[in-house]
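**Student:** The structure follows.
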Amino acid sequence: MLVRSVREEPLVKRLIEELLAGNITDIKPVIDLSLKLGFSYPQVEGLLSLSTQETHELLESLTEAALLEKHPHSRLLFCSECHSPNLKAGDGCPKCYSWNIARGRILEHLQCGNLSLEEEYITDNRYICPRCHRELKFLGTDYQSLGINYQCHSCKSIFSQPLTTWQCLNCSRFFVEKDVTETFVYSYRLNEEKRRWLEFELGPKVRLLEFLRSRGYEVTENTVLNGTSKSGTGHTFDIIARRDDGFVTHTFAIDVLVDGRAPEVGLERVFNYDNKTYDLGIHDKVLVVIPRLSPPARQFALRQKIRLFEGIELEKFLASAGIAPPAPETTKRSPGIFKSKAQLIEHLKSVGYTVEEEATVHGRSGAKHRFHILACYDDGILIHTLAIGIFSSDDEVGFDAVSAFDTRAYDANIHDKAIMVYPRLSTEARQFAEYQRIKVIEVDTRDALT
């Protein structure tokens, strides 16, 4: 079962909500052999307006998805002929399975070989053979006793022990247990290890998706990314959110780490998430953790610049954020469209950036770095920073200038980079810019850089 089905299938959502709220605890079957299946789940059938068959299929699918646990409740037998569960057990004949049997002393008429119950010989206080009608007078001469046994009135078989047999009350057929169809009926309850995850899926996650979309992000869930990974391996994320502001495409990779039992989520799961983002070159990283991270895991996450929401922090954030104002409309534009520095700045401001010229940033090394343009966009979760360098030359801008700019951006932990150059880049510088994912804007005049 897909995660989306929990939220988007109304019947599934309704049932899960009732289980989470405690309005339903155990989903127990009611045995009713007059029904085709022999049982029903009236509590769920009434809630969801489903047939017993539909309800059973739904409960089984949720169990396969590990959202429910099932436990044996009853064992039902069905007629192999008409498939009715309305069966009755009784002592029967081992030969023909009939219940028309009697227990008593078995007498054998030695002359004709008749075998019958003693009561069948008694006529007017005398022993009269029911087959040949001769009188039996002397034990050992006329007849002998075979002891206490059973006799079937249907097929006349004699046996020492009856066999447990079944009769279908629908088609009247008799049969032994090996010939019936056996079905186990189960009760169901919420898998408590999924409670925290389900509470998040049906609550905060819905509001998180709405918030991201309100900020102009295109959102997909359970997304596999592999096109740009260094290893060539596909990686799955709970949420991928992309926003193209017309100049830079921002990509969120969000994972939800839930531990259904333990009080903390450990370092290994955070490390695995960070490895996925590193392999794909994704820098905007967000983790939602329920209930919380262990101290070593939290330290690692903060060191790796992962935005954390632990426990109810996401709910508090979304509540304080309220309904976000509509994100500025964006039109994708290639770097070549911008003919001047002023035009570029105007565009960045129009799509929500705050722009600072000749900005100074402290790097991780402790050094101060100056950037010609520093543009920041705060979407409420992360602040996205774009560094833009301005370069001119009489002939062409070389590798050293672009490399130095990239080094300053790296030390300042800035991943989105662009350069505006006049008249052009050298071949080596252009190759380096492409490798380092630096957008290049070439302008026609030196004045366009002012």
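**Student:** Just one of V206, V286 is surrounded by fewer than 17 Cβ atoms within 10 Å (Cβ to Cβ) and of a type in the set (V, I, T); which is it?
**Tutor:** The match here is V206.
**Student:** Filter the strands (runs of 3 or more DSSP E) completely within the stretch 352-415 down to those with at least 2 residues that are among the basic types (K, R).
**Tutor:** Output list reads 368-378.
**Student:** For the stretch 259-287, give me each residue that is in a strand (DSSP E or B) and out of contact with any Asp or Glu (no Cβ under 9 Å at 6 or more places or on another chain).
**Tutor:** Across the stretch 259-287, the qualifying residue is only D284.
**Student:** Cβ-Cβ distance below 7 Å, separation of 6 or more or different chains: which pairs start in the stretch 104-133 with a residue that is surrounded by 13 or more Cβ atoms within 10 Å (Cβ to Cβ) and end on one that is outside any helix (DSSP H, G or I) and among the β-branched types (V, I, T)?
**Tutor:** Going by the 7 Å Cβ cut-off, the qualifying pairs are G104/I148; R105/I148; I106/I158; L115/I106; L115/I158; L117/I106; Y121/I128.
**Student:** Just a yes or no: is a residue in the stretch 169-188 at pLDDT below 90, within 42 Å of the chain's Cα centre (by Cα) and crowded, with 16+ Cβ neighbours inside 10 Å?
**Tutor:** Taking every residue of the stretch 169-188 in turn, at least one turns out to be at pLDDT below 90, within 42 Å of the chain's Cα centre (by Cα) and crowded, with 16+ Cβ neighbours inside 10 Å.
**Student:** Across the stretch 419-450, what is the total count of residues that are in contact with a His (Cβ under 9 Å, 6 or more places away or on another chain), of a type in the set (A, V, I, L, M) and either in a loop (DSSP other than H, G, I, E, B) or farther than 22 Å from V248 by Cβ (or both)?
**Tutor:** 0
The values are calculated or read from the model by the stated rules, or taken from the named source; none is laboratory data. In this text the structure is predicted, and so the values were computed from the model without any measurement. Note that we place each Cβ from the backbone using ideal geometry, even for glycine, and neighbour counts take in every protein chain shown.
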